[in-house]
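Data first, discussion second: the structure below is written as structure tokens.
Read-outs throughout are calculated quantities, based only on the coordinates presented, and are distinct from any laboratory measurement. As the structure is a computational prediction, the values presented were derived from the model and not from experiment. Counting neighbours? That spans all protein chains shown, and the Cβs are built from the backbone with ideal geometry, glycine included.
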Amino acid sequence: MKIFTYVAVAIALVLIVFNLFQIDYSNPFEGNSTIAIIGVVAGICAILLLVLLRFSKMIEEKTRQ
């Protein structure tokens, strides 16, 4: 599970960087830029959820001991 979370976070970071390059900063809320912004926000949400999962697994391991 630990490796899965690290790989998923890495993939999410790559997608965030890719979508940041797709944004037209002169018109960020028009055309494909809105899709790229949604992709960036979705990637950030995915990272937050994976970090929460990792912390919950750490707490679960400590309570078992």
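Computed values, structure above
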quantity: Gain in span if fully extended, Lys57 to Val14, counting 0.36 nm per residue against the direct Cα distance; calculated: 13.0 nm
quantity: Qualifying chymotrypsin sites (Phe, Trp or Tyr not before Pro) for the chain [loop in DSSP, other Cβ within 10 Å: at most 12]; calculated: Tyr25, Phe29
quantity: Expected 222 nm ellipticity per residue - DSSP helices of 4 or more, -39500 (n - 2.57), all of the chain, to 500; calculated: -29500 deg cm²/dmol
quantity: GluC sites (Glu not before Pro) restricted to DSSP loop in the range 11-64 with at most 11 other C-beta within 10 Å; calculated: Glu30
quantity: Cα Rg over Rh - the chain, Kirkwood; calculated: 1.20
quantity: Relative contact order for the chain, counting Cα pairs under 8 Å that sit 6 or more residues apart, in percent; calculated: 38
quantity: For the range 2-64, size of Cβ-based charge dipole, Lys and Arg +1, Asp and Glu -1, in debye; calculated: 480
quantity: Residue (of Ile3, Pro28, Thr63) at the positive-pole extreme of the chain, dipole from beta-carbon charges; calculated: Thr63
